[in-house]
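The values are calculated or read from the model by the stated rules, or taken from the named source; none is laboratory data. In this text, all values refer to a predicted model and were calculated from it rather than measured experimentally. As a convention, Cβ positions derive from the backbone with ideal geometry for all residues, glycine included, and neighbour counts pool all protein chains shown.
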Amino acid sequence: MKLADLDIIVTAPPAPGWGGRYWILVKVTTDTGIIGWGECYASTVGPDAMRAVITDVFARHMAGENPENIELMFRRAYSSGFTQRPDLTVMGAFSGLEIACWDILGKHRDRPIHALIGGRTNNRIRAYTYLYPQDHHPQPAFWADPDMAAEAALTLVDQGYTALKFDPAGPYTIRGGHMPSLHDIATSVAFCKAIRTAVGNRADLLFGTHGQFSTAGAIRMGQAIAPFDPLWYEEPIPPDNTHEMSKVAAKCGVPIATGERLTTRAEFAPVLRSGAASILQPALGRCGGLWEARKIAVLAEAYNAQIAPHLYAGPIEWAANIQLAAAIPNILMAETIETPFHYALIKNTISVENGYIPVPTTPGLGIEIDEALARAHPYTGLDLHLQMQEGPVGYHTANTFAGGAPTQD
């Protein structure tokens, strides 16, 4: 059996648009006719350029290869161009293709992927979700309103969720770490207080940021929210500065989580060695794929750290996250996005039941893809999957972060 054919579908999720402006789906077919699906969480270049990168990685390192040879193909891609170091775009391309290889192997052997990477450790996975606006919540007011956030939180807890993420601390910018304004600190405290009051001890609070603070600013914000006992404080400073992040971890009193913008164990290992974070959040469509994520989980286990796979993409990456989570002992929880389009694209083959995701037992990723639906929603825009703000953060007025990609028509 050899990898023979590649097709790339760039799908734009319709309104409300949660999960980003587009999802890059890869369909890989073997010479025996088995189809594997993957998803590339790669957003540093536009989708047209990314198509070219994915095509090149497949043709150069994978076409004609037995899909079993995951490690060999990884080494080719990781070392290409005389580099032997993490490349966010190349590894994003490889990650989705690698996931497709595992989907092929599972289907070929009539086994779910988790059975091929260590076997089942967990029958169900604890889910968490962002606080998204409900139908009656006006936008953009929702993103700066603690009472609306608390109402959304209570609704989700009543549905069974036991962990909720929110990020009221203002936008992230191209300018690197900044000192949060007093207004942003006060808003963050108000969100934590309102949500904690609403849900009590029924759910953990997950305080999200996107690497936007200076070290001193991150410590200041962390100490302000610590009284509300968040389970984690996510990526408080730019992700590549693990030494400074370890200072935040030591002084703010809240567990640090990081990893959505890191790739391969080469970038995750320093996080563990420095004590920068105790919760790792690999995005499987970016970090090197399922096998590399399994290695990252093993490294984390040696440091008594836990894994919470990141998801701000489509349901194929979600399915890969669940297969990984089923096979590792140090899974904490998995991010989840529930929209009708997410579910429709995989024909409702994965679900959230009372706050937990039952692990699929069907072959490969355990999902069915509605290929016609994916093709019926092509991305035609020019923006990236997510856009960073160019202007500096203000200190006189509110700094609103509108929860990821804007609503699309």
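Numbers at a glance
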read-out: Boolean, R286 is surrounded by 18 or more Cβ atoms within 10 Å (Cβ to Cβ), within 14 Å of H310 (Cα to Cα) and at pLDDT 95 or above; value: yes
read-out: Residues of region 42-64 that turn out to be under 15 Å from E98 (Cβ atoms), part of a loop (DSSP other than H, G, I, E, B) and in contact with a helix residue (DSSP H, G or I) (Cβ under 6 Å, 6 or more places away or on another chain), as a count; value: 2
read-out: Every residue from region 60-74 that is in contact with a strand residue (DSSP E or B) (Cβ under 8 Å, 6 or more places away or on another chain) and either at positive phi or free of Cβ contacts under 8 Å to residues at least 60 places away in the same chain (or both); value: M62, G64
read-out: Which numbered condition H377 misses (of (1) under 16 Å from G19 (Cβ atoms); (2) in contact with a strand residue (DSSP E or B) (Cβ under 8 Å, 6 or more places away or on another chain); (3) crowded, with 20+ Cβ neighbours inside 10 Å); value: (3)
read-out: Among (1) surrounded by 20 or more Cβ atoms within 10 Å (Cβ to Cβ); (2) within 22 Å of the chain's Cα centre (by Cα); (3) under 30 Å from V352 (Cβ atoms); (4) modelled with pLDDT of 95 or more - the single one A249 does not satisfy; value: (3)
read-out: Criterion violated by S95 - all others in (1) farther than 27 Å from I337 by Cα; (2) touching a residue at least 60 places away in the same chain (Cβ under 8 Å); (3) part of a helix (DSSP H, G or I); (4) not acidic (D, E) satisfied; value: (1)
read-out: Selection count where residues are touching a residue at least 12 places away in the same chain (Cβ under 8 Å) and assigned to a loop (DSSP other than H, G, I, E, B), scope region 304-357; value: 25
read-out: Residues within region 128-161 that are assigned to a helix (DSSP H, G or I), among the polar types (S, T, N, Q) and either in contact (Cβ under 8 Å) with a residue 60 or more places away in the chain or touching a Leu at 6+ places or on another chain (Cβ under 6 Å) (or both), tallied; value: 1
read-out: Residue count, region 75-90 (criterion: part of a helix (DSSP H, G or I) and either free of Cβ contacts under 8 Å to residues at least 12 places away in the same chain or of a type in the set (D, E) (or both)); value: 4
read-out: Lone unmet requirement of (1) within 25 Å of the chain's Cα centre (by Cα); (2) in a helix (DSSP H, G or I) for P180; value: (2)
read-out: Verdict on A293 being surrounded by 20 or more Cβ atoms within 10 Å (Cβ to Cβ) and closer than 19 Å to Y128 by Cα; value: no
read-out: Residues being out of contact with any Lys or Arg (no Cβ under 9 Å at 6 or more places or on another chain) and closer than 26 Å to G394 by Cα - total across region 258-269; value: 1
read-out: Any chance G17 is farther than 24 Å from T336 by Cβ, among the small types (G, A, S) and at pLDDT below 95; value: no
read-out: Output for region 164-177, where each listed residue is touching a residue at least 60 places away in the same chain (Cβ under 8 Å), surrounded by 22 or more Cβ atoms within 10 Å (Cβ to Cβ) and either assigned to a helix (DSSP H, G or I) or of a type outside the set (S, T, Y) (or both); value: D167, P168, A169, G170
read-out: Cross-chain or 6+ apart pairs with Cβ under 7 Å, region 368-388 first and farther than 30 Å from P171 by Cα and of a type in the set (A, V, I, L, M, F, W, C), then assigned to a loop (DSSP other than H, G, I, E, B) and at pLDDT 95 or above; value: I369/I346
read-out: Some residue of region 195-218 being at pLDDT 95 or above, part of a helix (DSSP H, G or I) and within 22 Å of the chain's Cα centre (by Cα); value: yes
read-out: Filtered residues of region 67-100 (kept if crowded, with 24+ Cβ neighbours inside 10 Å and aromatic (F, W, Y)); value: F94
read-out: Hey, G366 more than 18 Å from the chain's Cα centre (by Cα) and loosely packed, with under 14 Cβ neighbours inside 10 Å or not; value: no
read-out: Candidate set: region 18-49, residues that are surrounded by fewer than 17 Cβ atoms within 10 Å (Cβ to Cβ) and among the acidic types (D, E); chosen: the one nearest to H108 (Cα to Cα); value: D31
read-out: Count of region 67-118 residues which are of a type in the set (S, T, N, Q), more than 24 Å from the chain's Cα centre (by Cα) and closer than 18 Å to W37 by Cα; value: 1
read-out: Condition broken by T407, with the remaining ones in (1) modelled with pLDDT under 95; (2) more than 20 Å from P140 (Cβ to Cβ); (3) of a type in the set (V, I, T); (4) within 20 Å of the chain's Cα centre (by Cα) satisfied; value: (2)
